[in-house]
Amino acid sequence: MRLPVFEIEDELKAAVATGDRARVLLKAPTGSGKSTAVPGMIRDAGLEGRVLVIEPRRMAARLLAGWVAKQRGASVGGEVGYAVRFDTKYGRETQILFLTDGVFQRWIQDDPELKGVSAVVFDEFHERRLSVDVALGRCLDLQEKSRNDLAVVVMSATLETAGLAEFLAGPRQADPVTILEAGGRTFPVEISYRPSRPVRDRNGRMVEPPVWEQIASACKEALVDPDCGDVLCFLPGMHEIRKTEELLRHAGWTRGRTIYPLHSGLPPAAQEAAVSNGGGPKIIVSTNVAETSLTIEGVRTVIDSGQARVSGFDARRGIGTLLVKKISRAAADQRAGRAGRTAAGRCFRLWSDGDQARREGFETPEVHRVDLSEVCLLLKASGVSAVADFRWLDAPKPEALARAESLLHGLGATDLHGRITEEGKAMASLPLEPRFARLMMAGVEHGCVAEMAFVCAAVQGEGIWSGKGGGGMKDFVDVRDFSDFQAEWRGFGSAEAMQFDPRRVSPLGIHGRGAREVAQSFDRLKKLAWQRGWPVDEVDFDGRRDAVGKAMLAGFSDRLGVRFGEATLACRMVGNRRGKLDEHSAAKRAGAFVAAEMTEVEGREVITHLKRATAVELSWLRDWFAEDFSETDGAAWDESRRRVVGRKELRFRDLVLESKDVDQGVNLDAAAELLAERVLSGELVLKKWDAAVEQWCARLGCLSEWMPELELPTWTHEDQAAAVAQICHGAVSYKEIKEAEVWPVLRDWLSPPQQAALDAYAPERLKLVNGQNPKVMYEVGKDPQIGLRVRDLFGVWETPKIAGGKVSVLVHVQAPNQRPWQMTKDLESFWKGGYALMRKELAGRYPKHPWPENPKENGG
């Protein structure tokens, strides 16, 4: 069957064959064939050189290479190949090469001129991966500087193309951009919304049912339709997939259907089995890897949880996050489209149509949610001195860039001015994130290259612990350990001895494929070390305890932590952060440690987990980071004694390492501030700060607002705090301030003329024309108020005013029992109509009260 994308084949070939900064923006919906057909079209356009196709996922790169090779009558590794992490199949004769964005990022770093490459195709650009954004910018710069023969093609199914077209055309819109749009071979998909209904839990509370139960319920409903075809279920992550799989396998109504999980953690053979045609009816339980690029024949029903587990980075706190988020409307459309590839289908969305309307239109670009340190280092190494001025499609947030620059400087990759150092250039040459590159180099400095190679391999992959079956890490911990990587090394050794066989290692709580990936990465890093002439001995954590600790500190000084106490796993970290150490960690017995893994995970509550920790000595900090130490003489509040004590602290950056409280020599200025804080919060009470004082404060605040021309001192919260601190000055305990005098400080706040103005324009009492002298109540932001019984208002025919006649007073007209009857700022209207109604209602109940029919005529 001819794919819809072939409608624009001639235009595409003509556009890329110009040889003069060819830039093509191709928008084509799901099912159009762009991922499988376009690379071949470009290759067949007569270009001389390899066509690189950038894919966001390893699975897509591998599978697409296989399908395109089959279409072109070739084998994978020949004319068509792929390159993904730990797995490559291509050679000199390969002309169409599918590769992940991470591999391409290193490719262009090692070969900035892209020699032998005729075109770069960015597939599924709408996913807005950070490395793809940067790679596109670098390719456009390369076109303009030295490779005008390089063709750049950007493909997307859902992206808004207007802004992208302008970006491709350049800052002066000087370069022409060919915009192509192909139709899709999609069939109608019926959308059904199935929001969850709360259920009662064991404690009787109404809660939302787990997502796997919601998926199973919708799946059962879908299978009633004999034409439902294969079913594709989207879940946020592997945990949810396992739970759903378990439910479906034990359900009687799924008989006759094979349940296939689909996620990036599966071996390639298992991934191919899930997406291949044939094998009988199936239910595929997948993460968002099945959203794009892949056509899974036979799927006519999609069940969408509407969620994805998204990695992010909090630049302010320097914490990696892994949170379940709602997907965008564009992603929901992508998922629904899976059901309409080969025939009419149906999509069950486990949320409401109202929720759908409120979701974001598109996914947030990674540049706004991930760590930027690696990209910053690579750009600096490629000659970009000011990263903020790089050719960004979406500029990174200043605080995220600042955090990345700070980390690079802390690792020694840049100098005080942000310029890359020789050490930074060496770090950029290593295929590792900056801190892991620094680890490898620290391994050379301290003689523990092999150990650091293992650490880097373990942390950068999924790790070896499966989290299910057996004891996992805790079964490999030795009480003498100083680092969690020692247990991980023992577990790795066991997996290696069992040849990473999943059936044999799984009972130990070890993830076979993860351990195999660690082995591959470990071997690659050892080979890299040998190539550079670095000494690589056998791994010996016990024998190189200090060397390992010092190397880890070099790479993770910004993740230094200390526990709050021996009875808790809660920890204080550099950067004013808090976290929880793993209960089996070897570092829980250490005075200080560094955490190689620091992740905020959302469950019933958000917890910052500290894992893969290594004990360090504080003396090492003094040797290497002497400038980051400080000693302070401050003050602290002793709650038990309700007094301020002197506190001497030793800090590493902002982390308190040692603290000692003393009663003598307390800083009285700091003590006054601490006491004032507690007075203002209501924890401590100044007995002489009474209602009269509050009214004075309110009068000053109101008059400053009403008559700024008087230029009175302000009375903000900060001013009040300063006044209270002045009242408390010289004291260190609550006992000393409880009966403290307040008025002397307040009287000094205003000069005599200012106090006179306050009394004149915002008086405590208001002298009315009938001789009454009611108290005025003030509150900032509200009208001043008085309250009088109606007979005491006789003779006051107009609304009283203060502040030089600028502000009308709100009058509470009271009944004879002094209860409010009416509030008004228009006494004239009250006397004209409101009084008669009041007299009618109350005269009979209060006959002794004077109720003249017309107060004015009767003289009030």
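The figures follow:
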| item | result |
| --- | --- |
| Residues being touching a strand residue (DSSP E or B) at 6+ places or on another chain (Cβ under 7 Å), of a type in the set (A, V, I, L, M, F, W, C) and either under 10 Å from residue 59 (Cβ atoms) or not assigned by TED's automatic domain parsing to the domain that holds residue 295 (or both) - total across region 251-274 | 2 |
| Only one of 483, 466 that is among the hydroxyl-bearing types (Ser, Thr, Tyr) and surrounded by fewer than 23 Cβ atoms within 10 Å (Cβ to Cβ) | 466 |
| Criterion (at pLDDT below 90 and under 30 Å from residue 452 (Cβ atoms)) met by exactly one of 620, 624 | 624 |
| Subset tally (residues that are under 26 Å from residue 577 (Cα atoms) and in contact (Cβ under 8 Å) with a residue 40 or more places away in the chain) for region 676-702 | 2 |
| Complete set of residues in region 705-757 that are of a type in the set (Gly, Ala, Ser) and assigned to a helix (DSSP H, G or I) | 721, 722, 723, 725, 756, 757 |
| Failed criterion for residue 530 (all others in (1) closer than 29 Å to residue 102 by Cβ; (2) in a loop (DSSP other than H, G, I, E, B) hold) | (2) |
| Members of region 293-316 found to be modelled with pLDDT under 90 and at positive phi, listed by number | 293, 298 |
| Identity of the residue in region 407-424, in a helix (DSSP H, G or I) and in contact (Cβ under 8 Å) with a residue 60 or more places away in the chain, that ends up farthest from residue 653 (Cα to Cα) | 407 |
| Residue within region 511-533 that is farther than 23 Å from residue 268 by Cβ, exposed (fewer than 15 other Cβ atoms within 10 Å of the Cβ) and of a type in the set (Phe, Trp, Tyr) present | yes |
| Some residue of region 386-396 being on the phi < 0 side of the Ramachandran plot, outside any loop (DSSP other than H, G, I, E, B) and among the basic types (Lys, Arg) | no |
| Evaluation of residue 76 against (1) more than 37 Å from the chain's Cα centre (by Cα); (2) among the aliphatic types (A, V, I, L, M); (3) under 22 Å from residue 179 (Cβ atoms) (one fails), failing number | (3) |
| Subset tally (residues that are within 27 Å of the chain's Cα centre (by Cα) and either farther than 21 Å from residue 376 by Cβ or of a type in the set (S, T, N, Q) (or both)) for region 99-126 | 7 |
| Restricting region 780-797 to residues that are under 22 Å from residue 703 (Cβ atoms) and not β-branched (Val, Ile, Thr), the residue that is modelled with the lowest pLDDT | 781 |
| Filter pass, residue 839 being over 30 Å from residue 717 (Cα atoms), in a helix (DSSP H, G or I) and touching a His at 6+ places or on another chain (Cβ under 7 Å) | no |
| Lone qualifier among 5, 38 - being modelled with pLDDT under 90, within 18 Å of residue 124 (Cα to Cα) and assigned to a helix (DSSP H, G or I) | 5 |
| From 560, 581, 553, residue being touching a helix residue (DSSP H, G or I) at 6+ places or on another chain (Cβ under 8 Å), aliphatic (A, V, I, L, M) and over 19 Å from residue 442 (Cβ atoms) | 581 |
| Those residues of region 102-126 which are among the acidic types (Asp, Glu) and surrounded by fewer than 24 Cβ atoms within 10 Å (Cβ to Cβ), in sequence order | 110, 111, 113 |
| Among the candidates 647, 678, 641, residue that is more than 30 Å from residue 321 (Cα to Cα), in contact with a Leu (Cβ under 6 Å, 6 or more places away or on another chain) and among the basic types (Lys, Arg) | 678 |
| Selected residue (only one of 24, 51 is touching a Lys or Arg at 6+ places or on another chain (Cβ under 6 Å), assigned by TED's automatic domain parsing to the domain that holds residue 129 and within 16 Å of residue 139 (Cβ to Cβ)) | 51 |
| Checking residue 143 against (1) under 32 Å from the mean Cα position of the chain (by Cα); (2) crowded, with 21+ Cβ neighbours inside 10 Å, the condition it does not meet | (1) |
| Long-range neighbours under 6 Å by Cβ, at least six apart or interchain, first residue within 24 Å of residue 28 (Cβ to Cβ) within region 130-154, second of a type outside the set (Phe, Trp, Tyr) and assigned to a strand (DSSP E or B) | 139/120; 139/152; 151/119; 152/23; 152/120; 153/24; 153/121; 154/25 |
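The rows are residues; the columns are (1) under 29 Å from residue 410 (Cα atoms); (2) of a type in the set (A, V, I, L, M); (3) in a loop (DSSP other than H, G, I, E, B).
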residue	(1), (2), (3)
583	no, no, yes
591	yes, no, yes
594	yes, yes, no
611	yes, no, no
614	yes, no, no
633	yes, no, no
659	yes, no, no
666	no, yes, yes
686	no, yes, yes
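The rows are residues; the columns are (1) of a type in the set (Val, Ile, Thr); (2) more than 44 Å from the chain's Cα centre (by Cα).
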| residue | (1), (2) |
| --- | --- |
| 664 | no, yes |
| 668 | no, no |
| 682 | no, no |
| 690 | no, yes |
| 695 | no, yes |
| 716 | yes, no |
| 719 | no, no |
| 722 | no, no |
| 727 | yes, no |
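This table checks each residue for (1) closer than 30 Å to residue 823 by Cβ; (2) acidic (Asp, Glu); (3) touching a Gly at 6+ places or on another chain (Cβ under 9 Å).
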residue	(1), (2), (3)
728	no, no, no
735	no, no, no
740	no, no, no
744	no, no, no
769	yes, no, yes
772	yes, no, yes
798	yes, yes, no
804	yes, no, no
811	yes, no, yes
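The values are calculated or read from the model by the stated rules, or taken from the named source; none is laboratory data. Note that this is a predicted model, so its numbers are computed, not measured. Cβ sites come from the backbone with ideal geometry, for glycine too, and all protein chains shown count toward neighbours.
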